[in-house]
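These notes concern the structure reproduced below.
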Amino acid sequence: MKYSIAIILALVAPLTYAASLPAPEIPASIKTMQDLHRGPPRQPSRKRTNVETRWITQKLDNFDEGNDATWEDRILINDENFVDGSPIFIYLGGEWEIKPEDITSGHLVDIAKNYNGAVITTEHRFFGQSIPIRPLSAENLKYQSVNQALADVDNVIKVLKQEDKYNSSKVVISGCSYSATMAVLFKKLYPDVAVGSWASSAPLQAKVDFKDYMKVVGQAIKELAGDYCYDLIDNATAYYEDLFKNEKGDQAKQELNLCDNFNAEDEKDQWQIFSTIANVFAGLAQYQKPENYDLAKYCSVLRSFSDDDSVALSKFVQWRLGYPACVNTRYQGTVDYYKWAMDNYDGTGLAWTYQTCSKFGWFQSSGSSKQPFGSTFPATLYTDQCHDVFGEDFTGEDIEGYIDATNTEFGGIHQNINNLYMTHGGLDPWSKVGAGQAQGATIIPQASHCSDLGSISATDSAGLTASKERVAELIGQWLA
């Protein structure tokens, strides 16, 4: 009977792949990472738009002529305003599931309308519904890389251009966050395929210990919510760190409502809870809108929970996590969940974690003293997870080598690419691994991550409006 079930499961289509085990509870550490990589802000569309779903056959390995394996890659097409031969505007998908809302509203859609263009979004391999191979083992995830994903995009364009209506269309590329990294690298590696690229908040410099990330989160809190909020978080974090340091971990465990299996004496469990707390606040700062006073409002909520800083912090974190019965944030629980996800794809970002381990790093640590989240989650937390999840090829030394190789291959923040427009928010934590003004990027004061994707609005700051107008002007020049 068991053998029969195995045969049936082997015949089931990839999108209906069955979980072999009951889904465990998602650890709080992974929930907060999901929030950080939830995809770009989506602007509600004011009218109904028909979006076509299409599947493009891709090679599993674009660089091995001897490997004939293929898979189906999902793209979405909005050609409501399209006239044959008009431009194709491609919004690259990153470490998220693409959705119709990605291409039915926003600044890129507004620009496309002016040129009767089609707007397309591509789903990155190993994300959303575009899974090339299962299980998501380390052996199979070797096919997960930015190089493979860029070749996929090139193939999408080739396939589309086989159609008469797209045959003479010029192509404009855009992206946000990691997909903005792709937008930069696509123009670098495939310079003649697209007339130009717009990269919003592109991380470019691979780095193991990304300590400046939390520094900018702290800066955003201080600048937009006030010293009182920064100090509240700082005081509460110091309080809990002192409890663990002074062998009062069980008290901290109780006050933070940590689950029974949390080991208060385990250093890695301590790393995990403090990184989780920091990520709760990072998720708010990363996509804050200064015109909405987002961080100030959240800090008012934080203070409202209690006049005691440590109590307020604990209750705020539990509120942001959805009031769990207890906060599940053990180190081993995180490792075990990722291993479970290899055989039971659930969209938690396992494939993205693999990319950070094998290509980019960007491990957001407490290494900077200029942030309010303490000093108890080193980059080693993440490099150890890489090793414990993906195996012996991911020692700390290995990972350092992979990150060095990435910067050597792609050039980090130093790019010399024609028809490329790069933007960063002045309070975007990711800006610290992106191009600055010296490298030709436009910095938008007080803005956060991917802040310029929305349509031009009366609530936009002067800097944000100017940047949106500039990219529209540049795209016009690229298409001329």
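The values are calculated or read from the model by the stated rules, or taken from the named source; none is laboratory data. These numbers come from a predicted model, not from an experiment. Using ideal geometry, Cβ is built from the backbone for each residue, glycine included, and neighbour counts are taken over all protein chains shown. The accessibility values were calculated without ligands, DNA or RNA, using every heavy atom of the protein model including side chains. Shrake-Rupley method; radii C 1.70, N 1.55, O 1.52, S 1.80 Å.
Details
- Where GLU97 falls short, out of the listed (1) within 18 Å of the chain's Cα centre (by Cα); (2) buried (at least 17 other Cβ atoms within 10 Å of the Cβ); (3) assigned to a loop (DSSP other than H, G, I, E, B); (4) of a type outside the set (S, T, N, Q): (2)
- Counted residues, region 428-453 - those being open to solvent by less than 30 Å² (accessible area, probe 1.4 Å) and either touching a Ser or Thr at 6+ places or on another chain (Cβ under 8 Å) or assigned to a helix (DSSP H, G or I) (or both): 12
- Restricting attention to region 363-403 and to residues that are polar (S, T, N, Q) and within 20 Å of the chain's Cα centre (by Cα), the residue that is farthest from TYR143 (Cα to Cα) turns out to be SER366.
- Qualifying residue in region 414-425 (condition: polar (S, T, N, Q), assigned to a loop (DSSP other than H, G, I, E, B) and under 19 Å from the mean Cα position of the chain (by Cα)): no
- The set of residues in region 366-381 that are part of a loop (DSSP other than H, G, I, E, B), in contact with a strand residue (DSSP E or B) (Cβ under 9 Å, 6 or more places away or on another chain) and crowded, with 21+ Cβ neighbours inside 10 Å contains only ALA379.
- Residues in region 277-321 that are hydroxyl-bearing (Ser, Thr, Tyr) and either open to solvent by 40 Å² or more (accessible area, probe 1.4 Å) or assigned to a helix (DSSP H, G or I) (or both): TYR293, TYR298, SER300, SER304, SER310, SER314.
- Taken over region 347-365, the criterion of being open to solvent by less than 10 Å² (accessible area, probe 1.4 Å), farther than 16 Å from PRO203 by Cα and touching an Asp or Glu at 6+ places or on another chain (Cβ under 8 Å) is satisfied by ALA351, SER365.
- Residue count for region 324-337, restricted to those that are more than 17 Å from GLN34 (Cα to Cα) and open to solvent by 70 Å² or more (accessible area, probe 1.4 Å): 2.
- Residue list for region 48-80, filter: closer than 15 Å to PRO132 by Cβ, open to solvent by 30 Å² or more (accessible area, probe 1.4 Å), in contact (Cβ under 8 Å) with a residue 40 or more places away in the chain and outside any strand (DSSP E or B): ASN62, PHE63, ALA69
- A residue that is open to solvent by less than 30 Å² (accessible area, probe 1.4 Å), within 30 Å of ALA447 (Cβ to Cβ), more than 17 Å from the chain's Cα centre (by Cα) and not basic (Lys, Arg) occurs somewhere in region 197-208.
- Number of residues in region 454-469 that are more than 25 Å from GLN219 (Cβ to Cβ) and outside any loop (DSSP other than H, G, I, E, B) equals 1.
- The requirement of being out of contact with any His (no Cβ under 7 Å at 6 or more places or on another chain), modelled with pLDDT of 95 or more and either more than 25 Å from LEU474 (Cβ to Cβ) or of a type in the set (Asp, Glu) (or both) is not satisfied by PHE82.
- Of the residues making up region 100-157, just one is within 30 Å of ASP68 (Cβ to Cβ), buried (at least 21 other Cβ atoms within 10 Å of the Cβ) and free of Cβ contacts under 8 Å to residues at least 40 places away in the same chain, namely ALA149.
- Failed item in (1) buried (at least 16 other Cβ atoms within 10 Å of the Cβ); (2) among the basic types (Lys, Arg); (3) more than 28 Å from PHE363 (Cβ to Cβ), with LYS268 passing the rest: (3)
- Only one entry in ASP250, ASP260, ASP242, ASP234 is of a type outside the set (Phe, Trp, Tyr) and closer than 24 Å to LEU36 by Cα, namely ASP234.
- Cross-chain or 6+ apart pairs with Cβ under 8 Å, region 346-370 first and more than 17 Å from ILE277 (Cβ to Cβ), then buried (at least 22 other Cβ atoms within 10 Å of the Cβ) and of a type in the set (Gly, Ala, Ser): THR348/ALA341; LEU350/ALA341; LYS359/ALA206; PHE360/ALA206; GLY361/ALA206; TRP362/ALA206; LYS370/GLY218
- Qualifying residue in region 159-167 (condition: assigned to a loop (DSSP other than H, G, I, E, B) and touching a strand residue (DSSP E or B) at 6+ places or on another chain (Cβ under 7 Å)): yes
- Residues in region 391-413 that are open to solvent by less than 20 Å² (accessible area, probe 1.4 Å) and either within 20 Å of MET33 (Cβ to Cβ) or part of a loop (DSSP other than H, G, I, E, B) (or both): PHE394, ILE399, ILE403, GLY412.
- One residue stands out in region 114-147 among those that are outside any loop (DSSP other than H, G, I, E, B) and β-branched (Val, Ile, Thr): the one that is farthest from ASN407 (Cα to Cα), namely VAL119.
- Search result, residues across region 34-64 that are at pLDDT 95 or above and under 22 Å from PHE186 (Cβ atoms): ARG54, TRP55, ILE56, THR57, GLN58, LYS59, LEU60, ASP61, ASN62, PHE63, ASP64
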